[in-house]
1. State the extension gain, in nm to one decimal, for the chain segment bounded by residue 23 and residue 112, taking 0.36 nm per residue of separation less the distance between their alpha-carbons.
2. As an exercise, use a Förster radius of 22 Å and the Cβ-Cβ distance of residue 130 and residue 101 to find the FRET efficiency, rounded to the nearest 0.05.
Amino acid sequence: MRTASRHQRATRTYRDESQRDEHNTLDEAFRAAFMLTGSIEVAETAVLDGIAALESIHAAGEALIFESVKSAIQRRTSFSGQCAQAFAHLPVELRRLFLLAPFSRDCFVLRILVGIPSATCAAVLRVPVHKIDAFLCAALQDLPRLNAYGLIQSEMINYMPRYYG
């Protein structure tokens, strides 16, 4: 009797940990896609693309993040608008990322926030590894000097209705 209950508890614990790992991977894939695109909708679609790609290659875990990131970068080129409301909930330090040039932001997000190795990052972005390191270095130098509040204030002015009287 005790062996059966131990087995059930072990199975339940394994299932719980597995579901938690899947949930964490989905969260990480979404966060990476959002930080690359600046759009909740595009990030959601990129994660769905990542899930669809996994179904065709029968992989999981970090492959979801990899496929979601690839999709986010591809989809970002067709999405030009970034809404100030999307950034409003972010801390100032993360808002600064959206002031970086897109390629520098890509390198920073993939290498620092997601933790992807330089070689994998280079494969995703389709550039030599030394360029990844150079753009990451530039991003790290530029970030402290950027004014994230200016981004939000100037964008919000564009969204406020103007009244002429």
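Please treat every number below as a calculation from the coordinates, not as lab data. Every value quoted in this text rests on a predicted model; they were computed, and no experiment measured them. Please note: Cβ atoms are built from the backbone with ideal geometry, for glycine as well, and neighbour counts cover all protein chains shown.
1. Extra length from residue 23 to residue 112 when fully extended: 30.0 nm.
2. Plugging the Cβ-Cβ distance into 1/(1 + (r/R0)^6) gives 0.80.
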